[in-house]
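Trainee: Here it is: the structure, laid out below.
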Amino acid sequence: MEQKGNALVIGASGGIGQEVFRQLIDSARYKMVYGVSRNLQQQAGADISHFVKGAQLIELDYTEESAVARFCQEQQGTGQFTRVICCSGVLHGASNDGTNLQPEKRLEEMSADKLSAYFSINTIQPAMWLRYLLPLVKGNQSADISFFSARVGSIQDNRLGGWYGYRASKAALNMLVKTAQVEYQRRAKNVSLICYHPGTVDTALSKPFQANVKAQKLFTREFSVSRLLSYLNGLTPEQGPYFIDWDGKVIPW
């Protein structure tokens with residue numbers, strides 16, 4: 001019998017995170033699917049019928065490094081984690097410290113407070129998971145850690161400009177993942193690292209920017225998540241890290 005690993009969804013209350021959590025549970029491939037969220041009350045609009053045996057939702061303030069460290073340490077006796085998907089991120093709205101974020105169109109719209117907020121959520125928090133997950137994913141089974149990134153985080157593929165804080169924070173996330181894969185290949189050769197661009201998905205994150213998106217390019221959560229999960233099964237650590245989009249195409253770093 002094939003040994004089952006555990007799975008973890010970071011940001012399980014978000015529009016995409018809920019769908020990742022649901023699809024991982026429905027796959028029946030995992031011994032346990034953990035979902036962590038800073039605020040489980042956001043689950044009020046979710047389809048909780050999928051939160052059944054074999055799944056556990058945990059309220060965790062992962063803005064605090066100590067909380068991430070403690071969670072990962074507590075899970076070390078539960079078995080290897082073979083799939084981790086980080087869905088957390090911010091594009092607009094209020095940050096944790098109350099900073100109002102909107103993608104900048106002009107240099108004059110940048111500020112230290114906004115840049116700090118973008119990097120805190122989109123870069124530093126995922127980086128702490130990269131650090132503390134290592135003992136959980138290392139093992140005999142193949143494993144992968146995916147981060148929802150963005151095409152606009154590509155330094156090479158930047159022709160429109162603007163969106164300074166979001167672009168820079170996602171580019172920094174991509175660099176952290178690319179750098180971490182080098183060390184993971186020395187210390188955890190079984191692990192693939194992935195940056196994934198889901199396309200424009202019909203969630204609250206993209207809502208203010210959907211007007212100029214063609215109907216066929218506005219994806220459902222189900223579509224974008226299922227695409228990611230289908231690609232993960234064909235990736236190998238030796239070829240990592242990966243920066244791919246919803247269509248499986250490579251995005252330049």
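A short reminder: the numbers here are calculations on the coordinates, not readings from a lab. A quick note: this is a predicted structure, and the numbers were derived from the prediction, not measured. Counting neighbours? That spans all protein chains shown, and the Cβs are built from the backbone with ideal geometry, glycine included.
Trainee: Karplus couplings for the stretch 82-91 from phi (6.51 cos²θ - 1.76 cosθ + 1.60, θ = phi - 60°), rounded to Hz, Gly and Pro as x?
Mentor: The phi angles translate into 9, 8, 10, 10, 9, 9, 6, x, 9, 10 Hz.
Trainee: OK, next. Straight distance only, please: which aspartates and glutamates reach the Cα of Lys249 with their own Cα at less than 20 Å, same-chain residues fewer than 8 apart left out?
Mentor: Asp144, Asp157, Glu222, Glu238
Trainee: Okay, next question. Which of these values of semi-axes √(5λ) of the Cα gyration tensor in Å was calculated from the structure shown: (i) 25, 20, 19; (ii) 27, 20, 19; (iii) 59, 20, 16?
Mentor: (ii)
Trainee: Starting with the fewest neighbours, write out Glu19, Glu238, Glu64 ranked by other beta-carbon atoms found within 10 Å of each beta-carbon. Intermediate results must be reported in sequence, preceding the final value.
Mentor: On the way: Glu19 25, Glu238 8, Glu64 13.
With the fewest neighbours first, Glu19, Glu238, Glu64 line up as Glu238, Glu64, Glu19.
Trainee: What is the calculated FRET efficiency for Ser66 to Val182, with r their C-beta to C-beta distance and R₀ = 25 Å, to the nearest 0.05? Write out the running numbers ahead of the final one.
Mentor: Working: r = 27 Å, r/R0 = 1.06.
Computed FRET efficiency for Ser66 and Val182: 0.40.
Trainee: If you don't mind, there's one more thing I want to ask. If each residue's Cβ is checked for other Cβ atoms within 10 Å, how do Cys195, Cys72 rank with the fewest at the top? Mind dumping the intermediate values first?
Mentor: Details: Cys195 26, Cys72 20.
The order, fewest Cβ neighbours first, is Cys72, Cys195.
Trainee: So, R0 is 22 Å and r is the distance between the beta-carbons of Asn96 and Thr236; what FRET efficiency does that work out to, to 0.05? Mind dumping the intermediate values first?
Mentor: Details: r = 36 Å, r/R0 = 1.65.
Calculated value: 0.05.
Trainee: Another question, then. Can you tell which of Phe71, Ala150, Ser226 lies farthest toward the positive end of the dipole of the stretch 5-245, using +1 and -1 charges on the Cβ of basic and acidic side chains (Lys, Arg; Asp, Glu)?
Mentor: So the residue furthest toward the plus end is Ser226.
Trainee: Relative contact order for the chain: what is it in percent, counting Cα pairs under 8 Å that are at least 6 residues apart? Let's see the in-between values first.
Mentor: Numbers: 447 pairs, mean separation 45.1, N = 253.
Once normalised by length, the contact order is 18 percent.
Trainee: Also, I was wondering about something else. Looking at the chain, send over the antiparallel percent of its DSSP beta bridges, to the nearest 5.
Mentor: On the way: 3 of 35 bridges.
Beta bridges within the chain, antiparallel portion: roughly 10 percent.
Trainee: Could you calculate the FRET efficiency of Trp253 with Phe223 from 1/(1 + (r/R0)^6), where r is the beta carbon distance between them and R0 is 22 Å, rounded to 0.05? Show your work: numbers first, answer last.
Mentor: Numbers: r = 25 Å, r/R0 = 1.15.
Computed FRET efficiency for Trp253 and Phe223 comes out at 0.30.
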